[in-house]
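The values are calculated or read from the model by the stated rules, or taken from the named source; none is laboratory data. Note that the structure is predicted; figures quoted are calculated from it, not measured. Note that we place each Cβ from the backbone using ideal geometry, even for glycine, and neighbour counts take in every protein chain shown.
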Amino acid sequence: MPRRTFRAFVELEGMYRNIVEQLVLHAVNNGITKFTRLKAERYRDVRSLYPQLPSHYAYTACQDAAERAHSFLKLKRMGRARKPYPEVRNVSIWLDDHLWRAEGLTLISLATHKGRVRVSFELNKHYLRYVNRGWRLASEARVKLDYKERRLVLYLTFKKEVSEYRPKAYITVDVNEDAEAVLIDGVVYLFETNLSRVTLGYYYRRKSVQEKYDRVYGPGSRPARRVLRRLGSNEKALKREIRWKLATLIVREAARRQAAIVLERLGREPANHMIERIKDPQLRHRVFQAAFKGVQRAIEEKAREYGVPVIYVDPRNTSRTCPIHGAEIVYGRNRHGTCSKGGETWHRDVVACYNLLLRALGGDGGHAPSRMRAFVAVDGGPVPLGPTAAHEPTPIARGAWARWRSLGATSDRKLMRVST
Ligand SMILES: [Zn+2]
């Protein structure tokens with residue numbers, strides 16, 4: 001924006017910051033964490049401090065300060081506050097419906113100490129996605145100054161009326177380092193992600209680049225840093241794309257069936273046995289983040305956008321017990337095992353998916369009709385759905401699913417193989 005207009009916002013931010021600093025100090029000194037009390041005690045003083053400022057900034061600053069005081073006092077109680085008072089470092093100006101309004105899709109008007117200022121703004125893809133999905137703008141917003149680009153960054157809140165989502169079915173997702181097994185309508189699809197391979201591949205490439213440049217230019221040289229930075233951002237972008245595409249595919253299928261998504265509850269430590277073989281702790285952490293946490297976070301975020309609930313279940317031993325007989329499965333090589341009671345063969349990921357489903361059904365009283373229930377009930381023979389039917393996942397390469405918008409794109413041949 002023009003220099004002059006931007007300067008007005010710099011002044012506004014300065015005043016707002018001052019108010020928030022004073023309010024936080026008062027709140028922390030008096031143990032106030034509620035906006036209403038802070039406003040009752042301090043509103044008059046704040047108003048007289050900057051009479052030229054629109055009065056609603058006093059309200060929003062009280063809300064802002066009360067929230068900061070609240071989280072600081074909580075940290076302090078837990079003994080995790082490092083300083084006696086909270087520092088007001090990052091400031092974004094809180095706005096309410098009196099302080100800003102949108103005028104069409106390209107202009108907003110903001111109340112400042114210099115009167116109303118109209119600012120043109122750019123919509124991003126994210127904004128349009130939410131609007132298209134029936135979300136409406138809420139009255140609260142925050143604005144942050146970007147000094148480098150001389151622009152404002154506007155943080156908007158969306159709201160939506162939702163009816164209670166009673167899941168009619170469950171889609172369970174078992175995340176592995178290089179694939180995600182997803183149980184949809186009684187079929188386990190194995191979506192390849194190759195996430196750990198991507199992480200390891202880039203790790204070794206970086207290592208060799210570093211060694212090469214260090215030999216020529218000495219350690220930590222500028223060209224080496226540049227190349228490494230580029231490799232790093234390529235890696236990030238590729239992983240993000242893989243995660244988002246798959247999350248979108250899964251969540252869309254869930255929304256279409258009014259299903260809930262069942263995920264493993266992951267601990268904080270990358271204790272997962274699947275990556276124990278990676279010795280370097282930093283690398284292990286990265287593989288864990290990419291393959292497990294990252295995938296889950298993408299699914300959570302997408303699910304929120306579509307209003308699909310996510311259920312977490314205990315992941316312990318999910319691939320060790322037979323979902324039909326409850327007996328131990330003895331695994332040989334290549335992820336196949338035999339049930340020690342029924343003698344049927346299982347693929348590890350299929351077992352995990354069905355056990356996640358069973359746990360989800362056990363957890364909520366199970367108002368969802370389930371295929372699993374049906375085939376647990378007919379537990380007469382050793383093999384529930386024919387020789388290999390439900391025991392074999394349908395693998396789908398990344399190159400294939402990455403182009404899909406829905407599962408309907410699956411070729412008939414593949415569906416035939418699992419249903420015979
Ligand atoms: Zn069994």
**OP:** Please indicate, with yes or no, whether at least one residue in segment 79-94 is aliphatic (A, V, I, L, M), surrounded by 14 or more Cβ atoms within 10 Å (Cβ to Cβ) and without any contact (Cβ under 8 Å) to a residue 24 or more places away in the chain.
**Re:** yes
Subject >> Subset of segment 329-353 [under 24 Å from LEU266 (Cβ atoms), within 12 Å of the ligand (Cβ to nearest atom) and part of a strand (DSSP E or B)] >> reply: ILE329, GLY337, TRP346
Original post:
Taking ARG116, is it at pLDDT 85 or above and among the basic types (Lys, Arg)?
Top reply: yes
Subject >> Unmet criterion (only one of (1) in contact with a helix residue (DSSP H, G or I) (Cβ under 8 Å, 6 or more places away or on another chain); (2) within 30 Å of TYR50 (Cα to Cα)) for ARG133 >> reply: (2)
**OP:** Return the only residue of GLY326, GLY294 being within 10 Å of the ligand (Cβ to nearest atom) and not hydrophobic (A, V, I, L, M, F, W, C).
**Re:** GLY326
**OP:** Evaluate segment 167-184: report whether one residue or more is over 30 Å from PHE288 (Cα atoms) and in contact with a His (Cβ under 7 Å, 6 or more places away or on another chain).
**Re:** no
Original post:
Can you tell me which residues in segment 106-139 are within 27 Å of the chain's Cα centre (by Cα) and of a type in the set (A, V, I, L, M)?
Top reply: LEU123, LEU128, VAL131, LEU137, ALA138
Original post:
Only one of (1) modelled with pLDDT of 75 or more; (2) over 30 Å from ARG240 (Cβ atoms) fails for HIS347. Which number is that?
Top reply: (2)
Original post:
How about segment 304-323: which of its residues are of a type in the set (Ser, Thr, Tyr) and more than 12 Å from the ligand (Cβ to nearest atom)?
Top reply: TYR306, TYR312, THR318, SER319
Original post:
Here are some conditions: (1) buried (at least 18 other Cβ atoms within 10 Å of the Cβ); (2) more than 13 Å from the ligand (Cβ to nearest atom); (3) modelled with pLDDT under 90. PRO369 meets all but one. Which one does it not meet?
Top reply: (1)
Original post:
Are any of the residues in segment 59-71 buried (at least 16 other Cβ atoms within 10 Å of the Cβ), assigned to a helix (DSSP H, G or I) and more than 33 Å from the chain's Cα centre (by Cα)?
Top reply: no
Original post:
Here is a list of conditions, (1) over 14 Å from the mean Cα position of the chain (by Cα); (2) under 30 Å from ARG256 (Cβ atoms), and THR321 meets all of them except one; can you say which number that is?
Top reply: (2)
**OP:** State whether the residues of segment 313-331 include one that is farther than 22 Å from ALA254 by Cβ, of a type in the set (Lys, Arg) and at pLDDT below 90.
**Re:** yes
Original post:
Could you count how many residues in segment 291-309 are assigned to a loop (DSSP other than H, G, I, E, B) and at pLDDT 90 or above?
Top reply: 2
Original post:
Any idea which of VAL418, VAL383 is surrounded by 13 or more Cβ atoms within 10 Å (Cβ to Cβ), within 13 Å of the ligand (Cβ to nearest atom) and either of a type in the set (A, V, I, L, M, F, W, C) or modelled with pLDDT of 50 or more (or both)?
Top reply: VAL383
